[in-house]
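J.: Shown below is the structure under consideration.
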Amino acid sequence: MKFHALAFVLLFAFMYLSLAQGSFDDCCLGYVVSLPKNAMKNIVGYRTQRADGDCNISAVVFQMRKRRAHKKQKTVCANPEDAWVKEKIESMNRRAQS
Amino acid sequence: MNFSVEELMNESVPTEMTTFDPNFPYEVIEPCTFDNHHSVQIVVHSIICILGFVGNSLVIVTYAFYKRTKSMTDVYLLNVAVADLLFVLALPLIVYNELSSWSMGRVACKLLRGSYSVNLYSGMLLLACISTDRYIAIVQARRSFRLRSLSYSRVICVIVWVFAILVSIPTFCFYEWYEPSHSNEYYMFGDEDIDMDEPSQYVCEFKFPSSEMAQKGKVAVPSTQLAVGFFLPLLVMIFCYTAIIVTLLKAKNFQRHKAVRVVLAVVVVFIACHLPYNLVLLYDTVTMFEHFECEDLKMVQTVMMVMQSIAYLHCCLNPVLYAFVGVKFRNHFRRICQDLWCLGKRYIAPRRFSRVTSEFYVSTIRRSVDVSSENGSSFTM
């Protein structure tokens with residue numbers, strides 16, 4: 001019995017290790033007030049975060065230009081109600097259409 | 001996950017900080033990323049699954065083969081064991097799915113989350129029923145023969161299960177299997193090549209038709225869980241067991257100290273297991289829409305996870321606290337072990353050990369204590 005239990009625990013532990021990169025929470029919790037002009041130039045894309053699911057606030061997540069110094073691309077949380085955010089998204093959408 | 005604004009700019013271009021508000025916070029807010037599973041939690045959950053499975057199966061097997069359910073408490077104990085068993089059976093599937101980004105799909109998501117909720121509610125409410133039953137047997141002894149009939153307890157169990165299902169309907173409805181927005185692709189502009197080679201991740205979480213509804217629903221569901229799944233049973237148990245202890249201390253029964261100890265153990269274990277988790281859940285619900293730093297949020301989530309594991313542990317302790325504490329139950333259980341031992345040699349027919357008491361004329365309290373132990377409500381150790 002004890003050995004069975006131990007085997008079970010080990011099985012679960014291995015299962016965990018093999019699937020460790022499972023579910024992550026990845027939500028904006030706040031907003032940046034504004035971005036400097038130079039940082040704005042480096043925005044290359046965006047996605048929207050909605051508040052109807054696992055995240056509690058709606059947000060716009062800007063993706064910044066990849067730089068060699070950083071392993072991961074930087075992302076920035078912004079308030080979708082802010083004028084500069086709306087403007088930036090509109091200008092990006094326009095660029096995409098043309 | 002915050003870093004300075006300068007990092008977002010090209011080094012070649014001089015920074016133009018003069019154009020900014022002097023109060024500008026020199027940090028940029030990134031999405032808060034945290035892994036909501038830890039290896040320790042997986043190990044603890046597996047132990048809970050195994051212990052809970054063994055303990056509750058033994059209770060069900062004992063009741064199924066060797067003990068005809070003949071008292072209210074027996075019916076409740078059997079139902080608690082069934083609820084706990086279903087809970088520990090759903091638990092490894094939930095853990096597996098959370099780790100494999102819900103590979104079992106939408107139906108499994110709804111069923112597992114729903115059954116988790118149903119079993120949580122029914123288990124907690126049945127514990128409250130057991131305390132009420134014992135209260136009637138001991139404190140309201142004169143009425144106990146009228147109120148403690150089998151048909152009553154079956155009806156009450158059905159009501160509890162139906163109620164648990166009704167309360168879980170929002171869970172069934174609003175837990176959805178979906179790709180969260182953070183695994184959505186970015187809308188890309190320009191010629192940037194961005195590595196988006198991550199596989200699509202599914203989650204099984206709340207998903208509401210609108211943000212307004214989400215604001216209400218995300219508070220309403222845990223609030224119901226706190227009220228119906230913890231505070232209601234807690235109040236009922238505290239009231240009933242306090243009255244029982246007072247009555248027992250007045251009684252002149254040599255076994256009363258053991259009975260008091262059992263009652264205290266039941267209450268203390270219940271509070272120790274469920275109070276910490278429910279307090280953290282309360283805090284989390286109250287502060288849900290407040291602004292948190294990522295580090296703080298991570299800490300709250302980690303504490304909640306640990307407390308949740310402790311709360312889950314309760315379903316392994318129920319068989320010990322309620323069933324195996326009883327002398328009669330232990331006798332029946334011993335019988336099973338013997339029978340299993342002798343299986344193949346000879347078959348021992350299930351025999352009823354308990355005799356029905358007909359001594360109604362002893363003093364009220366003495367009688368009620370005897371009745372409760374006769375009925376297997378496990379006060380004798």
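The values are calculated or read from the model by the stated rules, or taken from the named source; none is laboratory data. Every value quoted in this text rests on a predicted model; they were computed, and no experiment measured them. Neighbour counts are summed over all protein chains in view; Cβ atoms, including those assigned to glycine, are modelled from backbone coordinates with ideal geometry. What goes into the accessible areas is simple: the full protein's heavy atoms, side chains included, and nothing from ligands, DNA or RNA. Shrake-Rupley method; radii C 1.70, N 1.55, O 1.52, S 1.80 Å.
J.: Inspect region B:335-347 for any residue being under 24 Å from B:Ile130 (Cα atoms) and surrounded by 13 or more Cβ atoms within 10 Å (Cβ to Cβ) and give the result as yes or no. Reasoning before the result, please.
T.: Going residue by residue through region B:335-347, those that are under 24 Å from B:Ile130 (Cα atoms) are none.
Taking every residue of region B:335-347 in turn, none turns out to be under 24 Å from B:Ile130 (Cα atoms) and surrounded by 13 or more Cβ atoms within 10 Å (Cβ to Cβ).
J.: Within region B:92-112, restricting attention to residues that are β-branched (Val, Ile, Thr) and within 19 Å of the chain's Cα centre (by Cα), which residue is farthest from B:Cys173 (Cα to Cα)? If you could, list the steps in order and put the result at the bottom.
T.: Filtering region B:92-112 for residues β-branched (Val, Ile, Thr) gives B:94-95, B:107.
Subsequent filtering for residues that are within 19 Å of the chain's Cα centre (by Cα) retains B:94-95.
Numbers: B:Ile94: 17, B:Val95: 21 Å.
Checking each candidate, the answer is B:Val95.
J.: Considering each of B:Cys342, B:Cys316, B:Cys337 in turn, give the residue that is in the same structural domain as B:Ser46 (by TED's automatic domain parsing) and modelled with pLDDT of 55 or more. Explain how you work it out, then say what you get.
T.: Details: B:Cys342 fails: in the same structural domain as B:Ser46 (by TED's automatic domain parsing); B:Cys337 fails: in the same structural domain as B:Ser46 (by TED's automatic domain parsing).
Selected residue: B:Cys316, the only one of B:Cys342, B:Cys316, B:Cys337 that is in the same structural domain as B:Ser46 (by TED's automatic domain parsing) and modelled with pLDDT of 55 or more.
J.: I need the full set of residues from region B:124-172 which are crowded, with 16+ Cβ neighbours inside 10 Å and of a type in the set (Ser, Thr, Tyr), in order please.
T.: B:Ser131, B:Thr132, B:Tyr135, B:Ser144, B:Ser153, B:Ser168, B:Thr171
J.: Let me ask something additional. Within region B:148-160, is there a residue that is in contact (Cβ under 8 Å) with a residue 60 or more places away in the chain, within 14 Å of chain A (Cβ to nearest Cβ), over 23 Å from the mean Cα position of the chain (by Cα) and in a helix (DSSP H, G or I)?
T.: no
J.: Scan region B:291-301 for residues that are more than 9 Å from every other protein chain (Cβ to nearest Cβ) and open to solvent by 80 Å² or more (accessible area, probe 1.4 Å) and jot them down.
T.: Within region B:291-301, B:Glu295, B:Met299 qualify.
J.: How about region B:245-298: which of its residues are over 18 Å from B:Met124 (Cβ atoms) and small (Gly, Ala, Ser)?
T.: B:Ala251, B:Ala259
J.: How many residues are among the polar types (S, T, N, Q), in a helix (DSSP H, G or I) and surrounded by fewer than 19 Cβ atoms within 10 Å (Cβ to Cβ) if we restrict to region B:40-79?
T.: Total satisfying the criteria: 2.
J.: Something else now. Condition test on A:Gln49, is it modelled with pLDDT under 85, within 8 Å of chain B (Cβ to nearest Cβ) and within 13 Å of the chain's Cα centre (by Cα)?
T.: No.
J.: Another question about this same structure. Please go through region B:236-270 and give me each residue that is within 22 Å of B:Leu77 (Cα to Cα) and exposed (fewer than 15 other Cβ atoms within 10 Å of the Cβ), ordered by number.
T.: Passing the criteria: B:Ile238, B:Phe239, B:Thr242, B:Arg261, B:Leu264, B:Val268.
J.: While we're looking at this one, here's another question. State which residue pairs qualify: first residue of a type in the set (Val, Ile, Thr) and inside region B:93-108, second residue open to solvent by less than 30 Å² (accessible area, probe 1.4 Å) and not in a helix (DSSP H, G or I) in any location, beta carbons under 6 Å apart, and separation of 6 or more residues or different chains.
T.: Qualifying pairs under 6 Å: none.
J.: Hey, any hits in region B:173-187 for a residue that's more than 29 Å from B:Thr224 (Cα to Cα), open to solvent by less than 40 Å² (accessible area, probe 1.4 Å) and at pLDDT below 90? Give the derivation first.
T.: Going through region B:173-187, the residues more than 29 Å from B:Thr224 (Cα to Cα) turn out to be B:183-187.
Subset that is open to solvent by less than 40 Å² (accessible area, probe 1.4 Å): B:183, B:186.
Okay, now just the ones that are also at pLDDT below 90, so B:183, B:186.
Yes, because at least one residue in region B:173-187 is more than 29 Å from B:Thr224 (Cα to Cα), open to solvent by less than 40 Å² (accessible area, probe 1.4 Å) and at pLDDT below 90.
J.: Going by the structure shown, is B:Tyr312 among the aromatic types (Phe, Trp, Tyr), in contact with a His (Cβ under 8 Å, 6 or more places away or on another chain) and buried (at least 16 other Cβ atoms within 10 Å of the Cβ)?
T.: On the way: among the aromatic types (Phe, Trp, Tyr): yes; in contact with a His (Cβ under 8 Å, 6 or more places away or on another chain): yes; buried (at least 16 other Cβ atoms within 10 Å of the Cβ): yes.
Taking the combined requirement at face value, the residue satisfies it.
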